[in-house]
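Notes to accompany the following structure.
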Amino acid sequence: MRIHVAICLWILAGVLIGGCTPLVRVEDMVPAQMAKVPIVVDKTLAVAPVRGGEPSESFLRVIANADNAEYAEALLRALRNTGLFREVLAGERGDLVLRTEIISQKTTLGSKIYTLLVHYDVRAGTNGRVLWRGNFYSDMAGLDLFTNAFDQTWLVRVRARTVQDNLRQFTAALTDELPRSLK
Amino acid sequence: MLSLSRSFVLLGALMVSASAYAERPLLWLNEGVDLNGRQFEIAPVMEVDRQADDTGATSGLQQKLTEHLAALGVLASAARADGNRVIVVCRVMKYARGSVAGRWVGGGLGAAYIIVRVMLLDGGSHALLGDMVSVQEIAGGGLFSIGAEKTVTSNAAEEIAKAIAQRQKAAR
């Protein structure tokens with residue numbers, strides 16, 4: 001009886017500790033700032049609200065996915081860091097409009113692998129014509145449960161790094177390809 | 001209150017039931033893409049994870065996917081580049097055959113899993129038509145999970161084919 005109570009209390013303690021774990025910080029999702037390129041695209045880029053993500057207001061935060069607001073904020077910061085555009089702002093009105101859709105994000109519960117697939121496209125602000133588009137995949141593997149039994153922050157950090165990798169791929173491709181497609 | 005032994009049995013049952021992890025892949029389609037009436041051709045499955053190729057997971061996935069698409073009646077009959085064809089490009093991003101012993105212990109040890117990224121390309125222009133990720137995992141079950149490395153591959157092929165079929169039906 002006492003053993004059962006003790007086991008239950010340990011499990012409850014672990015859940016409560018994990019439940020109090022702070023969510024991933026947006027700055028953890030932003031790729032390390034590279035050397036800024038000179039403003040190549042002398043236009044404003046409006047970053048439309050991200051679609052497809054899920055809210056993180058879940059008790060089981062360890063398996064909650066990246067939500068739209070967090071992703072949008074990280075996206076804004078990453079794009080501003082590139083220095084590619086004259087101005088990057090949130091909204092749907094600009095010379096160019098970036099639309100982002102989180103196609104898929106999944107976590108395996110056993111091996112703790114987080115996968116992320118995101119679609120991005122840049123459209124002309126005047127007529128909505130697609131000027132550039134791309135899909136990017138990222139994943140990151142985890143450690144086994146027994147080495148991180150109560151460290152639910154670990155999975156949160158892995159998710160942040162996966163988002164960071166996806167944004168890095170996106171901004172690199174955009175910097176390389178968009179100026180050419182605008183010519 | 002349950003005895004200690006019964007508690008472990010219940011815990012083991014919960015682990016087995018919760019350990020077969022499979023999510024139905026969501027097939028994303030580009031704007032204006034209609035898969036209705038199109039035939040599918042499977043490109044050679046490629047692996048990013050070297051282990052997948054060594055264990056035959058890539059060939060297994062290709063074979064199973066071919067069978068499932070043929071059963072759905074959408075497999076292209078002969079290689080020919082035209083706009084009616086859709087090329088299915090599968091890349092095994094991660095794969096692990098795991099171990100029975102690890103799956104008996106549980107907690108993610110010995111988990112067998114496969115992660116496949118699937119891209120649908122237009123047979124003529126090779127433009128990207130669709131995209132999705134299939135994630136399959138078996139993380140527990142002990143002796144009952146013998147062959148899990150083949151099961152996850154088979155499950156992935158089945159769900160990819162079903163996702164394609166769903167999109168075709170939705171277009172009708």
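Annotations for the structure displayed:
- With a 10 Å cut-off around each Cβ of A:132-138, the average count of Cβ atoms from other chains is 3.
- When the residues A:D176, B:D131, A:D67, A:D28 are ordered by accessible surface, computed with a 1.4 Å probe over the protein chains alone, the sequence from largest down reads A:D176, A:D28, A:D67, B:D131.
- Inter-site label distance for A:K183 and A:L89 at 7 Å from Cα along Cβ, in nm: 3.0
- A simple spin-label model places pseudo-atoms 7 Å from Cα toward Cβ; at A:I3 and A:E27 they are separated by 4.8 nm.
- For segment A:73-142, projected area of the alpha-carbon convex hull averaged over all directions, nm²: 5.5
- Area hidden from solvent between A and B (accessible, protein heavy atoms only, 1.4 Å, total, Å²): 2300
- In the structure shown, the pairs A:K43/B:K94; A:K106/B:K64; A:K183/B:K94; A:K112/B:K169 are assessed against 31 Å; a Cα-Cα span above that value is assigned to A:K43/B:K94; A:K183/B:K94; A:K112/B:K169.
- Summed side-chain charge close to B:K150 - residues other than B:K150 whose Cβ falls under 10 Å, Lys, Arg +1, Asp, Glu -1: +1
The values are calculated or read from the model by the stated rules, or taken from the named source; none is laboratory data. Being a predicted model, the structure only gives us computed values, none of them experimental. So basically every Cβ, Gly included, is an ideal-geometry build from the backbone, and we count neighbours across all protein chains shown. For accessibility, only protein heavy atoms count, side chains too; no ligands or nucleic acids. Shrake-Rupley method; radii C 1.70, N 1.55, O 1.52, S 1.80 Å.
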